[in-house]
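The values are calculated or read from the model by the stated rules, or taken from the named source; none is laboratory data. In this text, all values refer to a predicted model and were calculated from it rather than measured experimentally. Note: accessible area is taken over every heavy atom of the protein model, side chains too, but ligands, DNA and RNA are not part of it. Shrake-Rupley method; radii C 1.70, N 1.55, O 1.52, S 1.80 Å.
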Amino acid sequence: MPLLIAMLFALHIEVAHKLVGMAPAAFFEYATGLNHMLYRRGRGYAALMANREQVEAHSDSLLLRMLQKRGVPDAEFRGFKENIPQGHSALMVYGMGLLDAHSTSATRELVAMFDASDERLCQLDNTDVPGFLDEIGPESELGPAYCAPLAVGGIRGPTLELSAPERAAFDLALNRRAHMALSFLAAVDHEIGHWISRTKLADAMGGLPRFAVLLVPPGPPDRRRHTPADPAARLVDFIGAVGHFAREGRWPERPISIADMGAQADRSGIRGGESDRFIRALRSGKDPLTRKSFRTLVHTQLWTPEAKASDLDDQADLLETYLVATLLLNLLLPDHPTAVGHLDRMGWREAYLGWWARHQHRYPPPAPSTGSLPPAWLIDP
């Protein structure tokens with residue numbers, strides 16, 4: 001069984017490729033310069049560790065080209081590069097703008113612990129079952145909380161032909177990795193509050209579990225029709241509500257309808273038409289949520305005649321953490337057993353809130369919520 005399955009690194013790679021709209025193996029080759037077949041064969045992380053100098057040179061080249069496009073002088077490249085952390089969990093938080101000299105020790109320590117665990121797994125041979133079980137078990141550095149059973153309807157994972165012992169180990173790995181992902185998101189959630197408090201920005205979500213807005217408890221199991229309420233749909237509804245708040249100064253009493261969000265997109269003039277279809281396809285998951293489509297969504301919903309393009313860009317940057325959380329949650333939640341095109345949300349909200357509460361004491365007390373609280377349909381569905 002490929003050890004890659006048990007690594008949080010693999011989920012970060014999948015989120016990264018979904019952000020840019022590339023297949024995971026193709027993105028791996030693009031970002032590292034290594035052959036895509038290494039990723040397909042489950043050897044991606046080991047190849048990264050064995051070819052660090054080559055990968056670093058390739059990533060330096062990509063970073064330099066990106067900075068040149070932004071107008072950053074070549075002379076400043078070294079300063080940018082020196083600030084980039086090592087480790088994929090650390091890089092993910094850094095990419096969200098939340099890992100710098102002002103970040104909390106709680107977040108720094110957690111991502112370092114996750115990256116160290118991934119590296120230990122990488123160093124194991126695929127046949128080292130005892131070593132594998134030790135690393136994902138209660139005696140590992142992560143501790144017993146990361147291998148406790150998750151009371152959820154299931155955990156998404158690749159379809160593999162496995163023997164009974166391999167299946168048991170596979171399920172333990174998926175369970176442990178899901179705990180890591182939820183813990184990672186909860187830490188990012190708290191770090192966002194710390195960042196906003198430090199920068200003195202208004203924060204309507206102060207002290208609330210932000211990413212919980214993406215997780216709605218499942219409806220009755222015997223319902224015949226399932227309306228979109230998975231993380232992607234909730235993200236679209238949330239952006240619609242944020243746009244309404246930005247324009248009207250108050251939260252909507254209920255989710256903004258697709259027709260109203262489409263009309264707002266048409267008023268913005270940012271899209272060339274068919275805005276209803278654009279909104280509906282994102283909500284249903286028919287169209288992928290990439291960084292490009294998400295930024296278009298934010299720009300259209302927060303647009304006003306007075307809005308500057310740079311301000312809309314800044315808002316999209318601030319809200320992109322919710323997109324990352326949505327993509328990560330979509331990789332965890334399994335398909336619904338009976339409703340095609342929907343995810344099984346059973347237990348996931350509670351599991352996330354559990355990790356959010358577990359991390360809360362390690363972060364500075366948040367500033368009080370600024371202005372009116374978001375409506376109950378958004379924060380307490």
Q) What label, among (1) 31, 29, 22; (2) 38, 22, 20; (3) 33, 26, 21, belongs to semi-axes √(5λ) of the Cα gyration tensor in Å computed from the structure on display? A) (3)
Q: May I ask you to give the solvent-accessible area per residue for the chain, in square angstrom, as obtained with a 1.4 angstrom probe?
A: 49
Q. Hey, what do the phi angles of the stretch 274-284 turn into as Karplus ³J(HN,Hα) couplings, whole Hz, using 6.51/-1.76/1.60 and θ = phi - 60°, x for Gly and Pro?
A. 6, 5, 4, 5, 4, 5, 5, 5, 5, 5, 7
Q) Hull surface divided by four, with the convex hull built on the Cα atoms of the stretch 277-339: how many nm²? A) 5.0
Q: At q = 0.08, 0.18, 0.21 Å⁻¹, work out log10 I(q)/I(0) for the stretch 24-180 with the Debye formula, treating every Cα as an identical point scatterer and leaving solvent out; two decimals please.
A: -0.30, -1.30, -1.51
Q) Which percent of the accessible heavy-atom area of the chain goes to carbon and sulfur, probe 1.4 angstrom? A) 54
(Q) Can you give me the long-range amide H partners of ASP335? Hydrogens built in the peptide plane at 1.01 Å from N, cutoff under 5 Å, separation of 5 or more residues or another chain. (A) ASP344
Q: Considering only protein heavy atoms, with the full assembly of protein chains and a 1.4 angstrom probe, order ARG362, ARG156 by accessible area, largest first.
A: ARG362, ARG156
Q) Under a 1.4 angstrom probe, counting protein chains only, how are MET346, MET7 ranked by accessible area, largest first? A) MET346, MET7
Q: Express in whole angstrom the spacing between the alpha-carbon centres of the stretch 221-263 and the stretch 1-59.
A: 35
Q) Taking H as built 1.01 Å from N, whose amide H comes closer than 5 Å to the amide H of ALA204, not counting residues under 5 places away? A) THR370
Q) What accessible area, in Å² to the nearest ten, does a 1.4 Å probe give for ARG295? A) 50
(Q) For the full complex of protein chains and a 1.4 angstrom probe, list VAL340, VAL129 by accessible area with the highest value first. (A) VAL340, VAL129
